[in-house]
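What follows is a short report on a single structure.
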């Protein structure tokens, strides 16, 4: 049995599609959300990026707290929301992050305690604390981000943006019928709370 989108879902899907760089949009069923959470849990238990355990706060917030959850495919024209997509933490302290702000990256190049590789920033002074005896591994955090471009749309009160782990991304590409081998295509999960207006 195929579930057709409700009028509310159709409105939200249409509003998501208005954003440049978005390929396809689909509301996630409870079964699909459960599968994503399984994949995210499996990924959390593995070492990510050679840095530590994963914690996809964005996906957890979207699926666990938002009333409607959608997936959409992106291409290279899609502009990600501001702020880091990845944050490296140890004992609650930020030891590094992915940074998409060119101006801030340029400013940080002058800091002796910062190592920059592409758009990855590592705070060397904080990494020293990591090597000083703690058994706790670092955590690779994928934060929840406000999706302001969607929040600016009529009838949408709040939108949370999440970047899925690699296995979830592959699963979601399959749901959307996207070419899994095309490196220019990605997936995003967005949780939406609609306004009462």
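The values are calculated or read from the model by the stated rules, or taken from the named source; none is laboratory data. What you are looking at is a predicted structure, and each value in this text was computed from that prediction instead of being measured. A quick note on method: Cβ atoms are made from the backbone with ideal geometry, for glycine too, and the neighbour counts reach across all protein chains shown.
The criterion of at least 3 residues that are at negative phi and within 16 Å of the chain's Cα centre (by Cα) is met, among strands (runs of 3 or more DSSP E) falling completely within the stretch 1-120, by 52-56, 68-74.
Restricting the search to the stretch 65-99, which residues are loosely packed, with under 15 Cβ neighbours inside 10 Å and under 16 Å from residue 141 (Cβ atoms)? Within the stretch 65-99, 91, 92, 93, 94 qualify.
Residues in the stretch 121-136 include at least one that is surrounded by 13 or more Cβ atoms within 10 Å (Cβ to Cβ) and in contact (Cβ under 8 Å) with a residue 40 or more places away in the chain.
Residues in the stretch 142-159 that are outside any helix (DSSP H, G or I), in contact with a helix residue (DSSP H, G or I) (Cβ under 8 Å, 6 or more places away or on another chain) and modelled with pLDDT of 85 or more were compared, and the one that is farthest from residue 78 (Cα to Cα) is 157.
Residues checked against (1) at pLDDT 90 or above; (2) touching a strand residue (DSSP E or B) at 6+ places or on another chain (Cβ under 8 Å); (3) closer than 15 Å to residue 70 by Cβ; (4) part of a loop (DSSP other than H, G, I, E, B):
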residue: 128; (1), (2), (3), (4): no, no, no, no
residue: 137; (1), (2), (3), (4): no, yes, no, yes
residue: 140; (1), (2), (3), (4): no, yes, no, no
residue: 174; (1), (2), (3), (4): yes, no, no, no
residue: 181; (1), (2), (3), (4): yes, no, no, yes
residue: 187; (1), (2), (3), (4): yes, yes, yes, no
residue: 193; (1), (2), (3), (4): yes, yes, yes, no
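Taking the conditions (1) surrounded by 21 or more Cβ atoms within 10 Å (Cβ to Cβ); (2) in contact with a strand residue (DSSP E or B) (Cβ under 7 Å, 6 or more places away or on another chain) in turn, residue 168 satisfies each one other than (2).
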